[in-house]
Amino acid sequence: MDSSTYIKIETIAPKTTTAPFNLPYYLVVLLPEACSFSINFISYNVPKNTLLFLAPYQLLQFDTLPNQAIKLLEFHGDFYCIEYHKEEVACNGILFNNVYSTPFVTVPESEFNEIASLFIKIENLQSATESYVVSVLKAYLQLILALSSKEKQEDALKTPLENKSDLADFKNFIELHFKQQKNMSFYAEHYGYSESNFSKKIKNLFGKPPKKLLQERLVLEAKKMLHLTYKNINQIALELGFEDEFYFSRFFKNEVGVSPKVFRDNVGIAKVAK
């Protein structure tokens, strides 16, 4: 299937062993029962009626699978560009591409069932060849993303960060310095902590140690530049504070599983690229 029309539903049978998923597609995953999994080696346990969201080349590994089948909705960025449609569906930075938030949301059963019904509609149409089908599939996908974004934003209001913490502004601080400062001692010293205490406190606040947050933020920026610009890989490496293209490519492949070139070849350059 052409990437500009790539949308597909996959089914994982109950309690089966699966290889890790590391695909060049956006994923929306329906989890009807409690289960556990890891994303980029960070472990999560979730209850039933949870929706999981992954951007291209995020490594997903299931640890325990529920008694019911799991449905995965895959779509290519050429089929539906979340940056291009950001005014219509606010999912970029809410469902996808937010290293500071959990990549899932648990929803009421009625909402879960409504989204599951849209999965079925997409599955029933994904092999159709009529010219109008692509428009219908995009409409179903857009509705899934809109409903999910609404639930994720409402959930975020219920569980804000501990604003009283002296580390609550760490997100803003790392946004200012992640390209230039890659040493954890810089961040720990800014807040007046030892590196070990700083790491524990950040992990309690964000669910990840600061080194992991920094790595994920660099990877996210690299992916954005590979997908949303025509800059060559050496330019991207230098803008992200790496000494050269080789060092950047090694870092990227170690974190993502593929090289920057393979990522760009498979994910593509978006229609809104500059």
inquiry  = Projecting each Cα onto the charge dipole of the chain (Lys/Arg +1, Asp/Glu -1 at the beta carbon, about the Cα centre), which of Asn197, Phe248, Cys91 comes out farthest on the positive side?
reply    = Asn197
request  = Report the net charge of residues surrounding Pro108, where surrounding means a beta-carbon distance below 15 angstrom and charges are Lys +1, Arg +1, Asp -1, Glu -1.
outcome  = -2
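So, with +1 on the Cβ of K and R and -1 on the Cβ of D and E, and no other charges, what is the size of the charge dipole of the stretch 3-158 about its Cα centre, to the nearest 20 debye? All intermediate terms of the calculation are to be shown ahead of the outcome.
Values: 10 positive and 16 negative charges, 38 e Å.
Charge dipole of the stretch 3-158: 180 debye, to the nearest 20.
Would you tally the net charge around Tyr193, using a Cβ to Cβ cut-off of less than 10 Å, leaving Tyr193 out, and scoring K and R as +1, D and E as -1? Before the final figure, lay out the partial values.
On the way: positive: Lys200, Lys201; negative: Asp166, Glu189, Glu195.
Surrounding charge for Tyr193 is -1.
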key: Residue among Leu167, Leu213, Leu228 with the largest mean-square fluctuation in a Gaussian network model of the chain, springs linking Cα atoms under 10 Å   = Leu167
ask   = Translational D (Stokes-Einstein, µm²/s) of the stretch 170-267 at 37 °C and 0.692 mPa s when Rh comes from the Kirkwood sum over C-alpha pairs?
value = 231
ask   = Using a basic spin-label model with each label point 7 Å from the Cα along Cα→Cβ, how many nm lie between Glu33 and Glu114?
value = 2.6
request  = Measure up Lys231/Lys253; Lys48/Lys182; Lys179/Lys201; Lys138/Lys224; Lys86/Lys261 against 28 Å on the Cα-Cα distance and list the ones that go over.
outcome  = Lys48/Lys182
task = May I ask for the Rg/Rh ratio of the chain, computed from Cα atoms with Rh as the Kirkwood radius, given to two decimals?
result = 0.97
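Name the GluC sites (Glu not before Pro) in the stretch 44-140 that are in a loop by DSSP and that have at most 11 other C-beta atoms within 10 Å, would you? Don't skip to the end; give the middle numbers.
Details: sites: Glu74, Glu83, Glu87, Glu88, Glu109, Glu111, Glu114, Glu123, Glu130; in loops: Glu83, Glu87, Glu88, Glu130.
Sparse-neighbourhood loop GluC sites (Glu not before Pro): Glu87, Glu88, Glu130.
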Restricting the stretch 179-272 to GluC sites (Glu not before Pro) in coil, as DSSP defines it, with at most 13 other Cβ within 10 Å = Glu243
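Restricting attention to the stretch 1-97, which chymotrypsin sites (Phe, Trp or Tyr not before Pro) occupy a DSSP loop and are surrounded by at most 16 other Cβ atoms within 10 Å?
Numbers: sites: Tyr6, Phe21, Tyr25, Tyr26, Phe37, Phe41, Tyr44, Phe53, Tyr57, Phe62, Phe75, Phe79, Tyr80, Tyr84, Phe96; in loops: Tyr6, Tyr25, Phe41, Tyr57, Phe79, Tyr80, Tyr84.
Those that pass, being in a loop and sparsely packed, are Phe41, Tyr84.
Read-outs: derived from the displayed coordinates by stated rules, not from any lab. Predicted model only: the values in this text are computed from it and were never measured. Neighbour counts are summed over all protein chains in view; Cβ atoms, including those assigned to glycine, are modelled from backbone coordinates with ideal geometry.
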